[in-house]
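The values are calculated or read from the model by the stated rules, or taken from the named source; none is laboratory data. If you're wondering where the values come from, they're calculated on a predicted model, not measured in any experiment. As a convention, Cβ positions derive from the backbone with ideal geometry for all residues, glycine included, and neighbour counts pool all protein chains shown. Side chains included, ligands, DNA and RNA excluded: accessible areas come from the protein's heavy atoms. Shrake-Rupley method; radii C 1.70, N 1.55, O 1.52, S 1.80 Å.
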Amino acid sequence: MAVEMKLRCSQLGNKDMFSKSDPFLRISRLTESGKYVPICKTEDNPLLIECFNFNSNGNHVLIGQLHKSVSELEKLHKERSGANLVFPTHRGQEKVLKGQLFVDQFIGKEQFSFLDYISSGFELNFMVAVDFTVSNGIPQNQDSLHYIDPSGRLNSYQKAIIEAGEVIQFYDSDRRFPAWGFGGRYGGTLSHCFNLNGTNAYEVEGVQGIMAAYANALHTVTLAGPTLFGPVINTAAQLASQATSNDITKYFVLLIITDGVLTDIQETMDALVRASDLPLSILIVGVGNADFKQMEVLDADDGRRLESSTGRVATRDIVQFVPMREVHSGQISAVQALLEELPDQFLTYNRSRNIKPLHS
């Protein structure tokens, strides 16, 4: 369950000598290690609620604090009563202050799970984009990342397609998947987003359709470069954008498989920031032994959201990067690595737009 509250303090002590205090609240939860960390949501463990006097130099001064669980805050709201703030002393004791905290509003909201949405009829629409840049190596050579082994042994591209596709296809009713290539010469013309099956239709039938289109493209597409993600992301975003006005139950997942360093890092970041408002997640699989530090920046797992060239910040994180060499070495499970962030990204999008499961 999620809780929406309005908190108010009264009779706070003044911490500024020549003007009134500028108080603000910070709420933290208790972790298993015994430390408090700032939060947005929590279970019913005790919360540390601190009231500070704001200072522009960043040295905010503590006015007072208190510990309350969510249920205790709900009780304050029901009883329309306040709780006194306390001030910790050097001796480990607490001085009770006149200042009080009030809960003016307390609303419990049901939190739906990923399974709640999927079981009600929501779908994941799988899309694939394959890197055809020359750095992969000539497909006929055995050391090429695109080499098709006559014995049937899968290359890294084939493994990524199967391992992600065979999971996501179960959440897609028609199992018709858009499949593109980028960075190759298609019909004699360099293209950064061409239909993988060599026709005017960008969709193929099932995961095996992707595999067949990929194998066929290796005979008809000339590897080239540079490595650009922008055009493929924009094409996927266009499909996702069209769905927002027609069908709220569709959520899109683009798998990009690549071996190299991006040439259009800023254009890619711009495209990702724009796409962060859409029902879209992007899985990037790195194959080979290249330096993938750029991809880790796009993943934004350090908590810093991507920023576009115009200064716009991404609404949410929509990228998951997985280096295939870690999967092959057994460090991580392929399915876990590829899909571990997807449910949260899906939920963040739908919750932010108050989209609920069907018939809920």
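Please turn the phi angles of segment 49-62 into ³J(HN,Hα) values with the Karplus equation 6.51 cos²θ - 1.76 cosθ + 1.60 (θ = phi - 60°), one per residue in order, whole Hz, x for glycine and proline.
Karplus values, whole Hz, x for Gly and Pro: 10, 10, 10, 10, 8, 6, 10, 5, 7, x, 8, 6, 9, 5.
Among 107, 181, 65, which residue has its Cα positioned farthest towards the positive end of the charge dipole of the chain, with +1 placed on the Cβ of Lys and Arg, -1 on the Cβ of Asp and Glu, and the dipole taken about the Cα centre?
Checking the options against the dipole of the chain, the answer is 65.
Among 338, 124, 239, which one shows the biggest mean-square fluctuation in a GNM of the chain, springs joining Cα atoms closer than 10 Å?
Residue with maximal mean-square fluctuation among 338, 124, 239: 239.
Can you compute the radius of gyration and Dmax for segment 174-302, using only the Cα atoms, both in Å?
14.8, 42
Compare the Cα positions of 321, 56, 121 along the charge dipole of the chain (+1 at Cβ of Lys, Arg; -1 at Cβ of Asp, Glu; about the Cα centre) and return the one farthest towards the positive end.
The residue sitting most towards the positive pole is 56.
Send over the Kirkwood Rh of segment 2-109, from the inverse of the averaged 1/r over different Cα pairs, rounded to one decimal Å.
Numbers: mean 1/r = 0.0681 Å⁻¹.
Computed over Cα pairs of segment 2-109, the Kirkwood hydrodynamic radius comes out at 14.7 Å.
With every protein chain present, what accessible area does residue 8 have (1.4 Å probe, heavy atoms only), rounded to the nearest 10 Å²?
Probe radius 1.4 Å; accessible area of residue 8 about 100 Å².
Based on the Cβ-Cβ distance from residue 90 to residue 336, what FRET efficiency comes out when R0 is 51 Å, to the nearest 0.05? The partial results should precede the final answer.
Values: r = 48 Å, r/R0 = 0.94.
My answer for the efficiency is 0.60.
Using all Cα-Cα distances in the chain, what percent lands in each 20 angstrom bin from 0 up to the longest?
It works out to 25, 43, 24, 7, 0, in whole percents.
Compare 52, 112, 346 in a GNM of the chain, Cα atoms joined below 10 Å, and give the one with the largest fluctuation.
Answer for the Gaussian network model of the chain: 52.
Looking at the chain only, what percent of DSSP beta bridges run antiparallel? Nearest 5 please. Can you show the working numbers first?
Numbers: 44 of 69 bridges.
Here the antiparallel bridges make up roughly 65 percent for the chain.
When only C-alpha pairs under 8 Å and at least 6 residues apart count, what is the relative contact order of the chain, in percent? If you can, show how the numbers build up before the last one.
Working: 688 pairs, mean separation 48.4, N = 360.
Relative contact order for the chain comes out at 13 percent.
Quick one: which of 298-307, 265-274 comes out on top by average Cβ neighbours within 10 Å, and what's the full order, highest first?
Result, highest mean first: 265-274, 298-307.
Multiplying the sequence separation of residue 351 and residue 154 by 0.36 nm and subtracting their Cα-Cα distance, what value in nm do you get?
Details: separation 197, 0.36 × 197 = 70.92 nm, distance 3.89 nm.
Stretched fully, the residue 351-residue 154 segment lengthens by 67.0 nm.
Run the Debye formula on the Cα coordinates of segment 78-226, all scatterers equal and no solvent, and tell me log10 I(q)/I(0) at q = 0.12, 0.15, 0.17, 0.21 1/Å.
Values returned for q = 0.12, 0.15, 0.17, 0.21 Å⁻¹ are -0.61, -0.84, -1.01, -1.21.
Take the Cα radius of gyration of segment 207-279 and divide it by 2.2 N^0.38 Å, with N its residue count; two decimals is plenty.
Values: Rg = 14.5 Å, N = 73, 2.2 N^0.38 = 11.2 Å.
That ratio works out to 1.29.
How many angstrom lie between the Cα centre of segment 253-302 and the Cα centre of segment 143-222?
18
In the chain, with Lys and Arg counted as +1 and Asp and Glu as -1 at Cβ, which of these residues, 212, 45, 280, has the Cα nearest the positive end of the dipole, that is, farthest along it?
Working it through, the farthest residue towards the positive pole turns out to be 45.
Please list the non-local residues whose amide H lies under 5 Å from the amide H of residue 3, H modeled 1.01 Å from N, same-chain partners needing a gap of 5 or more.
Under 5 Å from the amide H of residue 3: 109.
How far is helix 265-275 tilted off the main Cα axis of the chain, in degrees rounded to 10, range 0 to 90?
Computed tilt is about 70 degrees.
How far is helix 156-168 tilted off the main Cα axis of the chain, in degrees rounded to 10, range 0 to 90?
It is inclined by approximately 60 degrees.
With n ≥ 4 as the cut-off for DSSP H runs, can you work out [θ] at 222 nm for the chain, using -39500 (n - 2.57) per run divided by the number of residues, rounded to the nearest 500?
The helix-only estimate for the chain comes to -8500 deg cm²/dmol at 222 nm.
Just to confirm, what accessible area per residue do you get for segment 175-326 at 1.4 Å probe, in whole Å²?
Working: 6220 Å² over 152 residues.
Averaged over the residues of segment 175-326, the accessible area is 41 Å².
Where only protein heavy atoms count, and the probe is 1.4 Å, what is the accessible area per residue for segment 2-109 in Å²? Let's see the in-between values first.
Values: 7290 Å² over 108 residues.
Accessible area per residue: 68 Å².
Whenever you get a sec, compute what percent of the accessible area on the chain sits on carbon and sulfur atoms (1.4 Å probe).
Details: 9190 of 18600 Å².
So the carbon and sulfur contribution to the accessible surface is 49 percent.
So, with +1 on the Cβ of K and R and -1 on the Cβ of D and E, and no other charges, what is the size of the charge dipole of the chain about its Cα centre, to the nearest 20 debye?
On the way: 32 positive and 41 negative charges, 304 e Å.
Result for the chain is approximately 1460 debye, rounded to the nearest 20.
Quick one: 3J(HN,Hα) in Hz for segment 232-246, Karplus 6.51/-1.76/1.60 with θ = phi - 60°, rounded, Gly and Pro as x.
Residue by residue, segment 232-246 yields 5, 4, 5, 5, 5, 5, 5, 5, 5, 5, 4, 6, 4, 8, 10 Hz.
Compute the acute angle (0 to 90°) between the alpha-carbon long axis of helix 342-352 and the principal axis of greatest extent of the alpha-carbon atoms of the chain; round to the nearest 10°.
Roughly 50 degrees, rounded to the nearest 10.
Please list, ordered by chain and number, the residues whose modelled amide H lies under 5 Å from the amide H of residue 276; skip anything fewer than 5 residues away on the same chain.
Distant-sequence amide H within range of residue 276: 315.
Between residue 5 and residue 35, what FRET efficiency comes out of the Förster formula 1/(1 + (r/R0)^6) with R0 = 25 Å and r the beta carbon distance, rounded to 0.05? Numbers along the way, then the final one.
Details: r = 23 Å, r/R0 = 0.93.
The formula returns an efficiency of 0.60 here.
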